[in-house]
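So the structure is just underneath, and the comments pick up after that.
The values are calculated or read from the model by the stated rules, or taken from the named source; none is laboratory data. What you are looking at is a predicted structure, and each value in this text was computed from that prediction instead of being measured. Here the Cβ is made from the backbone with ideal geometry for all residues, glycine too, and neighbour counts use every protein chain on show.
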Number of protein chains: 2
Amino acid sequence: MPMSQQIIFTNDIVETLEELHDQLKPSKTVFFTDDNVDEKVLGPLISPALKGGPLEDALVISKDEGEMYKTVGEVCNVWDFFQEEGLTRSSLVINIGGGVVTDMGGFAAACFKRGMRFINVPTTILCAVDAAIGGKTGVNHNGLKNEIGVFREAEAVIVSTSTFYTLPMMERLSGFAEMIKHAMLSSSEDFDEVLDNSVTDEDFDEDVWLPLLKKSIEVKRRIVAADPTESGLRKALNLGHTAGHAFESLAMRRNRLIPHGFAVAWGLVVAVVLSKMRNWLPSNILYRLASYVRTNYDVFHITCDDYPQLLDFMHHDKKNFDTESVRFTLLKGLGRPEIDCQVSDDEICAALDVYRDLFGI
Amino acid sequence: MPMSQQIIFTNDIVETLEELHDQLKPSKTVFFTDDNVDEKVLGPLISPALKGGPLEDALVISKDEGEMYKTVGEVCNVWDFFQEEGLTRSSLVINIGGGVVTDMGGFAAACFKRGMRFINVPTTILCAVDAAIGGKTGVNHNGLKNEIGVFREAEAVIVSTSTFYTLPMMERLSGFAEMIKHAMLSSSEDFDEVLDNSVTDEDFDEDVWLPLLKKSIEVKRRIVAADPTESGLRKALNLGHTAGHAFESLAMRRNRLIPHGFAVAWGLVVAVVLSKMRNWLPSNILYRLASYVRTNYDVFHITCDDYPQLLDFMHHDKKNFDTESVRFTLLKGLGRPEIDCQVSDDEICAALDVYRDLFGI
């Protein structure tokens, strides 16, 4: 899979879409979105502005909002629609929404007639810095995340902060956690720069966001370009996700949903604790990160009674090929990720103790 | 998509599979097949021979036989099985069967965890010279053929005539039609060589089949390598299929199923008639082909009352991007395919008149 993906930073989504349409000359164009984005962004902002232009006749298909509708069954409904509307291999799908929309719409397009082209227009920060970039598409299956999918690059990703004002603070924070992760994978300077910003400031505006977003996306793009199908280096992007996924699964058992980025933020703390336990990172980095996360991301409550369950989730994480021990991505320093670190159950429990200490729980 | 596909010609499928297993070192291996192949080939011939070897613990999943089970719903059942058995991205699927099995098993493998490796072991001639080679995977959707799928190459294709003796004569003939097509795309010499064989001879044995098969597969491989995702040259392989698909669809309307290769054989005659009408081919080639097809493939009965329906099917063929006229692959000579030839409805009707004359109907 060649990395030919264009990433376009713009304040004018409509103009950019029309230019791309002129370049790609699709036989038909379909917007794929969810009800929430349709109501808040596509309906009021994008569709009226397309009137009179080359995309005036674009179709819209909107799915129910949420992760629970990211299934093969729902993709079949999308395929039915594509067939009814006579889409061909030279048609174009524009995915506009968060990660659920770009993952699912990318998969639907990639498999229809063995591959239509698609464009991603992320409307969340999390999607802009993560899901929309890098060619992973897919849906959940039997409750397991992204079990069914393919690697296929969007023709273009359009990144614009112009829709982000619609985001609730929780969504903004969730995306920012992945940006912290990218900064940690990049360099000490990037880490400092990101944590110098308070994501919860109301006046945290475009002029601040855009350069940070660009830098963050560049980190992901560089790593993906080196390893598009995740056979090695790309696992670096899993930093914070091994413990993070376990926290998400535990929350689900408790019938609570926590935003993905929050789980990543807590998981980053666990990964940094483990890195520090190996004397790979100094304590000041741990304290700085933990303090930022505690201030902005609240706390995920666990007791030592939860450890066996958390360990069990980590052993069965889909990125964990080795069922004997758990493999983490850790840091040998800021900007120096180390993939496939085997960590014993005892080490994990010790790290969870430190996590609880740091958060005073 | 790089053309890295190995095609292995062998008389010992088991030994070849064991060697490939040693090279690929999968975490788990699954045979994907259908009930008919399971009963006639996998159960009696392959499975017992694997005892004591590295593939002894390979799992088997078998689907109901037939095109009607080549659906997204059935692929979901396969994915359920893959999940239950704990397959990972480093597992291996061995598709053993005809085109329905290799298309569907390839698609199931290509999308599970964004891509497991797979090997194709065609058990029909049609599959060996066509479906198993070239990276097209997919399933039908709402009655439309191969609507959902991806381009993904098998790690290896194992071609062995050792299972072909189980094929009914109709299956053998059906595969041979694609071999005639490949010969026509290749050269005048190949065309003569193929038609010098009588496929219905009972003593038509391995020593004759194998070199013909190799040559035929090489023609397809060469064309696919030049255009893996069918943006141009690969359409040459569509020779005979525009009229052929229309005959198949008409038969379906009449509640009759005709073997795909038979429809291709009749469709080749129509394509050659059209090429001759443009003075691209001499009459002796048309007569030689028509006589071979009439002798071996029976006749598909049509009257001029069927023309509007046949034209309608051709206009809606999925390879026909242009709804105003029908685009055929024709021949400027043997070995000189010309893709995307616009043919008017009047020309098609005239060609169907000649087809009926040639077959005396």
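A few remarks follow.
- Hits in segment B:132-159 (condition: more than 9 Å from chain A (Cβ to nearest Cβ), in a loop (DSSP other than H, G, I, E, B) and either in contact (Cβ under 8 Å) with a residue 12 or more places away in the chain or in contact with a Gly (Cβ under 9 Å, 6 or more places away or on another chain) (or both)): B:ALA132, B:ILE133, B:GLY134, B:GLY135, B:GLU153, B:ALA154, B:GLU155
- Restricting attention to segment B:136-175, the residues being touching an Asp or Glu at 6+ places or on another chain (Cβ under 9 Å) and within 11 Å of B:THR102 (Cβ to Cβ) number 3.
- Checked against the criterion of being of a type in the set (A, V, I, L, M, F, W, C), under 18 Å from A:THR242 (Cα atoms) and touching a Cys at 6+ places or on another chain (Cβ under 8 Å), the candidates A:LEU330, A:LEU286, A:LEU257, A:LEU310 yield just one match: A:LEU330.
- Of residues in segment A:25-55 being assigned to a helix (DSSP H, G or I) and either outside the structural domain of A:TRP79 (by TED's automatic domain parsing) or in contact with a strand residue (DSSP E or B) (Cβ under 6 Å, 6 or more places away or on another chain) (or both), the one surrounded by the most Cβ atoms within 10 Å (Cβ to Cβ): A:VAL37
- The residues of segment B:294-309 that are within 22 Å of the chain's Cα centre (by Cα) and either in contact (Cβ under 8 Å) with a residue 60 or more places away in the chain or not assigned by TED's automatic domain parsing to the domain that holds B:ALA177 (or both), listed by number, are B:ARG294, B:ASN296, B:TYR297, B:VAL299.
- Matching helices (runs of 4 or more DSSP H) fully within segment A:265-361 where at least 3 residues are within 27 Å of B:LYS113 (Cα to Cα) and in contact with a helix residue (DSSP H, G or I) (Cβ under 7 Å, 6 or more places away or on another chain): A:307-315
- Within the set B:PHE118, B:PHE107, the sole residue that is more than 11 Å from every other protein chain (Cβ to nearest Cβ) and in contact with a Gly (Cβ under 7 Å, 6 or more places away or on another chain) turns out to be B:PHE118.
- Qualifying residue in segment A:276-294 (condition: small (Gly, Ala, Ser), more than 19 Å from A:ILE180 (Cα to Cα) and more than 14 Å from chain B (Cβ to nearest Cβ)): no
- Within the option set B:VAL78, B:VAL101, B:VAL129, being of a type outside the set (D, E, K, R), within 14 Å of another protein chain (Cβ to nearest Cβ) and either touching a Gly at 6+ places or on another chain (Cβ under 9 Å) or part of a helix (DSSP H, G or I) (or both) holds for one residue only, B:VAL78.
- When B:GLU178, B:GLU248 are checked against the criterion of being more than 19 Å from B:ALA132 (Cβ to Cβ) and assigned to a helix (DSSP H, G or I), a single residue qualifies: B:GLU248.
- Unmet requirement for A:SER216, which otherwise passes all of (1) among the hydroxyl-bearing types (Ser, Thr, Tyr); (2) at pLDDT below 90; (3) in a helix (DSSP H, G or I): (2)
- Test set (1) without any contact (Cβ under 8 Å) to a residue 40 or more places away in the chain; (2) hydrophobic (A, V, I, L, M, F, W, C); (3) under 15 Å from B:GLY335 (Cβ atoms) - B:ILE180 fails condition number: (1)
- Which listed residue is surrounded by fewer than 24 Cβ atoms within 10 Å (Cβ to Cβ), among the polar types (S, T, N, Q) and either within 14 Å of chain A (Cβ to nearest Cβ) or within 18 Å of the chain's Cα centre (by Cα) (or both), from B:SER90, B:SER162: B:SER90
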